[in-house]
């Protein structure tokens with residue numbers, strides 16, 4: 001089971017590290033980030049995000065930092081926590097705007113599995129009040 005956890009953590013971490021790093025590399029060399037064709041509603045929101053000049057770098061930095069943190073066992077729970085809002089947004093984007101529910105569900109499902117496998121690291125979050133009462 002530990003080998004499967006390691007492989008899943010590394011694949012997920014490498015994917016997000018690659019996505020974040022490649023966005024920054026594309027920005028540095030001046031080549032546009034290639035996106036697949038999207039439905040009009042999805043295209044409108046991604047164009048608005050890109051036009052803001054803030055959201056795309058924030059997403060790329062979150063992917064890069066969260067992915068790198070997943071590559072190290074000790075920091076994997078922090079990587080999961082950092083990627084959770086982003087992956088939830090990816091899930092909602094694909095379910096409601098692109099109709100590609102499978103892609104969003106795979107991202108969210110793998111993150112939930114990683115969270116479950118590292119659940120002992122998150123236990124203090126749910127028992128904080130009980131620890132303070134002792």
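The values are calculated or read from the model by the stated rules, or taken from the named source; none is laboratory data. On a predicted model such as this, the values are computed, not experimentally measured, just so you know. Note that we place each Cβ from the backbone using ideal geometry, even for glycine, and neighbour counts take in every protein chain shown.
Can residue 79 be described as closer than 21 Å to residue 33 by Cβ, at pLDDT 95 or above, touching a helix residue (DSSP H, G or I) at 6+ places or on another chain (Cβ under 8 Å) and buried (at least 20 other Cβ atoms within 10 Å of the Cβ)? Against the criterion (closer than 21 Å to residue 33 by Cβ, at pLDDT 95 or above, touching a helix residue (DSSP H, G or I) at 6+ places or on another chain (Cβ under 8 Å) and buried (at least 20 other Cβ atoms within 10 Å of the Cβ)), residue 79 does not qualify. Scanning segment 89-113 for residues that are assigned to a loop (DSSP other than H, G, I, E, B) and either out of contact with any helix residue (DSSP H, G or I) (no Cβ under 8 Å at 6 or more places or on another chain) or at pLDDT 90 or above (or both) gives a single hit, 99. Screening residue 62 with (1) touching a residue at least 40 places away in the same chain (Cβ under 8 Å); (2) closer than 15 Å to residue 8 by Cβ gives one miss only, at (2).
Looking at segment 64-71, is at least one residue outside any helix (DSSP H, G or I), within 26 Å of residue 1 (Cα to Cα) and modelled with pLDDT of 95 or more? The answer is yes, given that some residue of segment 64-71 is outside any helix (DSSP H, G or I), within 26 Å of residue 1 (Cα to Cα) and modelled with pLDDT of 95 or more. With the requirement that a residue be within 20 Å of the chain's Cα centre (by Cα) and part of a helix (DSSP H, G or I), what does segment 114-128 give you? Result: 114, 115, 116, 117, 119, 121, 122.
With respect to the conditions (1) assigned to a helix (DSSP H, G or I); (2) touching a residue at least 24 places away in the same chain (Cβ under 8 Å), residue 38 lacks only one, and its number is (1). Quick one: would you say residue 48 is part of a helix (DSSP H, G or I), closer than 23 Å to residue 106 by Cα, free of Cβ contacts under 8 Å to residues at least 12 places away in the same chain and out of contact with any strand residue (DSSP E or B) (no Cβ under 7 Å at 6 or more places or on another chain)? For residue 48, the condition - part of a helix (DSSP H, G or I), closer than 23 Å to residue 106 by Cα, free of Cβ contacts under 8 Å to residues at least 12 places away in the same chain and out of contact with any strand residue (DSSP E or B) (no Cβ under 7 Å at 6 or more places or on another chain) - is not met. Which of the residues spanning segment 69-103 are over 11 Å from the mean Cα position of the chain (by Cα) and closer than 19 Å to residue 14 by Cα? Across segment 69-103, the qualifying residues are 69, 71, 72, 73, 74, 75, 76, 77, 78, 103.
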